[in-house]
1. Restricting the search to the stretch 117-137, which residues are in contact with a helix residue (DSSP H, G or I) (Cβ under 9 Å, 6 or more places away or on another chain), away from the ligand (no atom under 16 Å from the Cβ) and either outside the structural domain of VAL56 (by TED's automatic domain parsing) or not in a strand (DSSP E or B) (or both)?
2. Going through the stretch 114-146 one residue at a time, which ones are at pLDDT 95 or above and among the acidic types (Asp, Glu)?
3. Filter the stretch 254-268 for residues that are more than 16 Å from the ligand (Cβ to nearest atom) and in contact (Cβ under 8 Å) with a residue 24 or more places away in the chain; which is nearest to ARG63 (Cα to Cα)?
4. Give the residue that is nearest to the ligand (Cβ to nearest atom), with candidates limited to residues of the stretch 46-60 that are surrounded by fewer than 17 Cβ atoms within 10 Å (Cβ to Cβ) and at pLDDT 95 or above.
5. Only one of these is basic (Lys, Arg), away from the ligand (no atom under 13 Å from the Cβ), open to solvent by 30 Å² or more (accessible area, probe 1.4 Å) and assigned to a helix (DSSP H, G or I): ARG73, ARG65. Name it.
6. Could you tell me whether any residue of the stretch 243-260 is under 21 Å from the mean Cα position of the chain (by Cα), assigned to a loop (DSSP other than H, G, I, E, B) and either among the aliphatic types (A, V, I, L, M) or farther than 30 Å from VAL37 by Cβ (or both)?
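The values are calculated or read from the model by the stated rules, or taken from the named source; none is laboratory data. Since the model is a prediction, treat every value here as computed from it, not as a measurement. Note that we place each Cβ from the backbone using ideal geometry, even for glycine, and neighbour counts take in every protein chain shown. Note: areas computed on protein heavy atoms with side chains; ligands, DNA, RNA excluded. Shrake-Rupley method; radii C 1.70, N 1.55, O 1.52, S 1.80 Å.
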Amino acid sequence: MSESATPTFPKHLLDFRDWSRPQVESLLETAQMMQEVLSRPVKKVPALTGFTVATVFFEPSTRTRLSFELAARRMSADVVSFASATSSTTKGETYKDTLRTLDQMGIDAYILRVDAAGVCHQAFGWLQKPIINAGDGWRAHPTQALLDAFTLREKLGSLEGKKIAIVGDILHSRVARSNAELLPMLGASVVACGPATLLPGHLIGASLTTNLKEALSEADAVMVLRLQKERMDKGLLPSLPEYIAGYQVTEERLRWAKPQAPLLHPGPMNRDVELEGSLADTPRSLVERQVANGQAVRMAVLYHLLVGKKS
Ligand code: CP
């Protein structure tokens with residue numbers, strides 16, 4: 001893409017409220033180019049030479065943190081990694097003081113995961129530097145939605161008119177919220193399904209149903225979500241066996257969706273809880289492809305926020 005055709009980009013990725021469809025499309029095109037970089041024998045380009053990126057995670061992560069760190073290194077950035085368990089937050093230091101302390105060390109961009117909605121927005125106010133939300137409480141996980149959209153388009157082509165079913169613990173899911181924001185922007189319809197106690201009253205961008213057959217019926221793709229017990233009050237589920245009986249995505253229930261509709265899961269998975277365990281290893285599962293695509297998508301995000309044209 002020529003520089004003149006490239007749209008300007010917001011200074012942060014907190015959610016998709018400040019992002020337009022052309023900006024998202026351009027970012028996904030860049031991710032495609034990054035896939036080509038990742039297919040080379042030497043997976044490294046100088047695009048972010050001289051930049052320093054910090055991953056600051058106050059919650060556990062496997063995929064998001066490692067793929068961001070690799071993404072930054074593949075583009076020659078320096079990377080520092082903050083782990084809350086071994087940091088001075090254990091002595092009472094606040095999010096704000098922690099981030100302002102890091103900022104004295106010449107960090108150019110922050111990848112931030114926190115347990116509370118709104119902290120990423122606050123962090124942008126405190127630091128005025130590119131902030132990438134790597135998950136804030138129940139609210140948003142935009143790079144997960146971007147890699148989901150990228151993976152879906154790789155499999156299905158255009159998402160225009162496609163029905164995407166999201167099944168599981170919708171109430172506590174930042175992945176569901178970000179996908180419900182992003183996928184309709186790309187032309188898809190989203191239906192979110194779970195037991196009534198695990199559905200929010202309203203989810204912008206999605207229709208809600210407690211009826212699994214209705215949700216899966218004629219779906220072009222099915223995304224399954226984990227029960228987030230760490231965010232759940234007791235009493236939201238009568239019992240795990242009842243959840244499994246009503247909502248586990250099984251091979252038999254997947255027959256309600258379109259033939260060969262792909263299966264996605266953001267991870268981490270609890271096999272034989274939210275989905276029949278063996279399904280994740282079948283050809284229709286895109287779970288590993290999602291992880292692989294995460295790196296290219298995160299390279300594109302870092303590239304656009306650090307060196308792309310800013311709005
Ligand atoms: N999907 C996701 O955010 O995974 P991690 O918690 O391992 O980063």
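1. Within the stretch 117-137, VAL119, GLN122, ALA123, TRP126, LEU127, LYS129, PRO130 qualify.
2. ASP136
3. Within the stretch 254-268, the match that is nearest to ARG63 (Cα to Cα) is PRO262.
4. Here is the first cut: in the stretch 46-60, the residues surrounded by fewer than 17 Cβ atoms within 10 Å (Cβ to Cβ) are 46, 49-50, 52, 59-60.
Filter once more, keeping what is at pLDDT 95 or above: 46, 49-50, 52.
Details: PRO46: 27, THR49: 27, GLY50: 27, THR52: 22 Å.
Of everything passing the filter in the stretch 46-60, THR52 is nearest to the ligand (Cβ to nearest atom).
5. Just one listed residue meets the conditions, ARG73.
6. Within the stretch 243-260 (the criterion being under 21 Å from the mean Cα position of the chain (by Cα), assigned to a loop (DSSP other than H, G, I, E, B) and either among the aliphatic types (A, V, I, L, M) or farther than 30 Å from VAL37 by Cβ (or both)), the answer is no, since none of the residues qualifies.
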